[in-house]
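Peer 1: Below is the structure I would like to discuss, written out as structure tokens.
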Amino acid sequence: MDNRTAKLLEFDQIIKILLEYCISEEGKQRINTQELFINSKKLKKFQGTVAQFKRLLESDEVFPAVSFPEVEHLIPICSKEGTSLDGIGIYNISQFINSALKVKSYITTSKIPDLDDIIAEAGKIPDLKKLVLEITAVINSKGQIRDDYPELRNLRRGLGELNNKISSLSSSYITDNKNLWQTDVPSQKDGRIVLPLKSNFKGRVKGIIHDISAKGTILYIEPFDILELNNRIAVQEHEISIIANRIFREFTVKIRVEIDNLVLLIDSFAFIDTLLARANFAVKYACIRPEISKSEIFLNKARHLLLGKSAVPIDISMIEDLQVLIITGPNAGGKTVTIKTVGLLAMMHQFGLQIPVEEGSILPVFDGIYADIGDDQSIEEALSTFSGHITNITAILNKCSNRSLVLLDELGSGTDPGEGSAIAMSVIDELIKKGSIVLTTSHHSMLKNYGYTREKVMNASMEFDEGTHSSTYCVVPGVPGDSHAIDIARHSGLPEDVVNNAETYLKDKKTEVGRMISELEKKHRIAGEREVAILLRERELKEEIRENDLRVLAFKQSENELKRKTNSESNKFLSNARKTLENLVKELREGELNQAKTKKVKEFLSNMSEDIDREKDSLDQFIIDNPESIKADQLKPGMDVLIGEYRRSGTIVRKDKNRSWIINTGALKISVKEHDIFPAPVKKEQHSFGVSLNTVKAGNIAKFTLDLRGFRLENALESIERQIDNALMSGLKEFNIIHGKGEGVLSNGIHKYLKGEHGIKDFYFAHPDDGGFGKTIVILKD
């Protein structure tokens, strides 16, 4: 790791944050000594192990309560013959072992699948549970021998009795002659009980004076009868101390016997701790594991962690054949932050950390990451800004290779622009020869032109919002950016006459590169507008196809209805005809009747009946071949349909179970079988809405206006839903809604709907215009 680059990219701050997630001092020490991976296979395996820990931590399985006191410094002490640890040291070792075994059990007994790597690491922790049980059975958390230890039980009981006697005797001295004593509370001097005798009563109490107060008014005396008890206590305590020290030595020997296993346990857990810290870091900061590539860089929505919530996600892409990315744009536009973000995330990645990007991100494994960022001016070393940069760049050129990442901020600055540009281009040429991947920032126009004329080099710019005179911090690939110094100067408060004078100079000296950039920005804007128009036309064509399908279905329904109606009329005609002819026959029978007339009437009736039966059979077969109900795969939520025998109007809400659909009929929602659902006749909307495309300044995407004046709320919400889908598919950031006054039913209903719509980032209501109509501006999620 290049220490200077690590400091410039603030990688040390990332390490500081990472250390907070370690649960042992030994783990922190390992992290502080670990280096960046430069072997892709080793990095991939390590990152895979971290990913397994992350999955385990994100599961419902609870991490155990553990405590890891620092113990590694005790190893040299207990390794040496004749030495002994104190009680606290021995107990701390038992605690470390016990906690490490808890973590081992947490990992090896997990029910989460595919944790082979971390289970293997946990399996390296030796089982020293027996040693833990032996230590904790004798020594308590304060490092003392437990009170119930047999060998010390009688000695401690005797010691307690002696202390009680001294306490009782001291109290009797003070209560019997209160005027002799300064206070009624005994004191201790060198571990012995003494009494505070007033100096003017010296000689009234026989004993040994251990100390005198600063003013000489108090004599701390040990009466002879208390002296005897103090001596006996000292002997008892000495005997206890001898036994305790012997026990500590015995446990030190037991630890020494297991010293190799103890060292392995500490080392194995310390490594696991570094993995756990990385996994917790990834969970906390919503990081993911990028794919490893040969030389391609793609960072999707990359965030600089140290910027916190103010960080604007950026996209950076460098395909395999691309070596150099020249980023230009306004001052304070985010150029330096962009290259620092790339460098920092590359370092984090190769340190085995997951990084704050979104899925699809790709990074190579570099053998070195080098940066020249900031002002290296030094009075002590007699270095100007330019000299400082050149010194650093020289060192980078001597170190970098075809697997290196080089970050150069304001390359060629600090000197004459022409000469600085020449040096900058020459440095980039050399880095291209070496095969390094380079990201550099600049304001020099010659470098922008260089980005178009050289292979393996591409321009990029930081997007600038001319409306707010500020950067959006978005990287626009393929297009160099203007510095926008005039706009920024005016917006920052430079006197207007000074700014106007500067514009005069600029018009006189405007370069071809400036015109080229303006033309490119114009083409980029036009291309964006055309893409939006194509997407909208595609949506319109899909809607037309859907409407045509419904027209075909409606036509078939109308044809079926016509056939049914014809059949009904035919049956009616037949019935009436039969009655008429039967009456005729009756009349004929009552009058003069001959056989020929009767036969002729019967033949007429028979032929007519057969004709109608054939027509009915033909109609029935047509209905079987052309069913009226809509096919199941044509039913969709939002479709207007007719349902049931009486063809009641309704709108499909969603699919129900058992080949049924939930239909909204207005008054209520009901479940209807698929064979009882029929297409509604296609009719023009009673209301129409206008969509207008308003082009805005460069760098922004076209906006849309949705005119809902006169709409019913239900139809308005359907239109808004379609517009949100259009906007999200087209990449639009916002659109406008024209509606009634701010407090109307339509306005309130629209605002209530927008609050619950998942695709909406924000919206706000503009005051009604002169016509009394309000406008809501809707901001979409990225």
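The values are calculated or read from the model by the stated rules, or taken from the named source; none is laboratory data. Predicted model only: the values in this text are computed from it and were never measured. As a convention, Cβ positions derive from the backbone with ideal geometry for all residues, glycine included, and neighbour counts pool all protein chains shown. Protein only, heavy atoms only, side chains kept; ligands, DNA and RNA dropped before computing areas. Shrake-Rupley method; radii C 1.70, N 1.55, O 1.52, S 1.80 Å.
Peer 1: For Lys202, tell me the accessible area in Å² from a 1.4 Å probe, rounded to the nearest 10.
Peer 2: About 150 Å², rounded to the nearest 10.
Peer 1: For Gln188, what is the net charge nearby, where nearby means another residue's Cβ is under 13 Å from its Cβ and Lys, Arg count +1, Asp, Glu -1?
Peer 2: For residues surrounding Gln188, the net value is -1.
Peer 1: Here's something else I'd like to know. Among 194-200, 329-335, how do they line up from the highest to the lowest mean number of other beta-carbon atoms within 10 Å?
Peer 2: By packing density, highest mean first, the sequence is 329-335, 194-200.
Peer 1: Where does each of 204-212, 417-425 land if you order them by average Cβ count within 10 Å, highest first?
Peer 2: 417-425, 204-212
Peer 1: Right, another one. When you take every Cα atom in segment 157-287, what is the radius of gyration, and what is Dmax, the widest Cα pair distance, in Å?
Peer 2: Gyration radius and largest Cα-Cα distance of segment 157-287: 26.9, 80 Å.
Peer 1: With a 1.4 Å probe and all protein chains kept in place, how do Tyr473, Tyr149 rank by accessible area, largest first?
Peer 2: Details: Tyr473 95, Tyr149 55 Å².
Putting Tyr473, Tyr149 in descending order of accessible area: Tyr473, Tyr149.
Peer 1: Magnitude of the Cβ-charge dipole of segment 1-134, K/R +1 and D/E -1, about the Cα centre, nearest 20 debye?
Peer 2: 380 debye
Peer 1: How would Met1, Met318 line up by accessible area, probe 1.4 Å, largest first? Kindly include the intermediate steps, with their values, before the conclusion.
Peer 2: Working: Met1 85, Met318 0 Å².
From most accessible down to least: Met1, Met318.
Peer 1: Under the √(5λ) rule applied to the eigenvalues of the Cα gyration tensor, what semi-axes describe the equivalent ellipsoid of segment 23-140? Give them in Å, descending. Could you put the intermediate results ahead of the total?
Peer 2: On the way: eigenvalues 183, 76, 26 Å².
In descending order, the three semi-axes are 30, 20, 11 Å.
Peer 1: While we're looking at this one, here's another question. Report, as a whole number in µm² per second, the diffusion coefficient that Stokes-Einstein gives for segment 275-351 at 20 °C and 1.002 mPa s using the Kirkwood radius over alpha carbon pairs.
Peer 2: Calculated translational D: 154 µm²/s.
Peer 1: Follow-up. Separation of segment 5-55 and segment 74-145 by C-alpha centroid, Å?
Peer 2: 24 Å
Peer 1: Report the semi-axes of the equivalent ellipsoid for segment 202-244 in whole Å, largest first, where each axis is √(5λ) for an eigenvalue λ of the Cα gyration tensor.
Peer 2: Working: eigenvalues 166, 35, 3 Å².
Semi-axes (√(5λ), whole Å): 29, 13, 4.
Peer 1: Ok, one more. With the dipole of segment 244-403 worked out from charges on the C-beta (+1 for Lys and Arg, -1 for Asp and Glu) around the Cα centre, which of Gly333, Leu305, Ile266 lies farthest toward the positive end?
Peer 2: Ile266
Peer 1: Please list 489-502, 341-354, 117-130 highest first by mean number of surrounding beta-carbon atoms within 10 Å per residue. All intermediate terms of the calculation are to be shown ahead of the outcome.
Peer 2: Details: 489-502: 12.1, 341-354: 24.6, 117-130: 16.5.
Averaged packing, sorted descending, gives the order 341-354, 117-130, 489-502.
Peer 1: How much FRET efficiency would the formula 1/(1 + (r/R0)^6) give for Ile777 and Tyr285, where r is the Cβ-Cβ distance and R0 is 45 Å, rounded to 0.05?
Peer 2: The pair Ile777/Tyr285 has a calculated efficiency of 0.85.
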